[in-house]
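What follows is calculated from the coordinates using simple rules that are stated; it is not laboratory data. Bear in mind the structure is a predicted one, so any value in this text is a computation, not a measurement.
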């Protein structure tokens, strides 16, 4: 069973921020998305995209500075839920 939410911390400009990713099957295409795996990944062998970390941090920066949530996908073409990331307010 996949987790319904993920809590993580990111460091931006020397400060720590708590983010929460909520599993969702419905995606608003106007919101930023970050693909985490390379196009040559398969369900059996996954390869992290070279820009995954920098793209995640850029999206997290927009979330912290502008309040803009974002999505992460393993691969956009795979039929798996996305995670919608927001600031953890709890």
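P(r) tail for the range 6-54, what percent of Cα pairs lie past 11 Å?
So the pairs more than 11 Å apart make up 78 percent of the total in the range 6-54.
Relative contact order of the chain: what whole-number percent is it, with Cα pairs under 8 angstrom and at least 6 residues apart?
34 percent
Per residue of the chain, what 222 nm ellipticity follows from adding -39500 (n - 2.57) for every DSSP H run with n ≥ 4, rounded to the nearest 500?
Helix contribution divided over all residues of the chain: -5500 deg cm²/dmol.
Suppose we keep just the DSSP beta bridges with both residues in the chain; what percent of those would be antiparallel, to 5?
Around 85 percent of the beta bridges assigned by DSSP in the chain are antiparallel ones.
Between the range 68-90 and the range 1-38, how far is it from one alpha carbon centroid to the other, in angstrom?
For the range 68-90 versus the range 1-38, the Cα centre distance is 5 Å.
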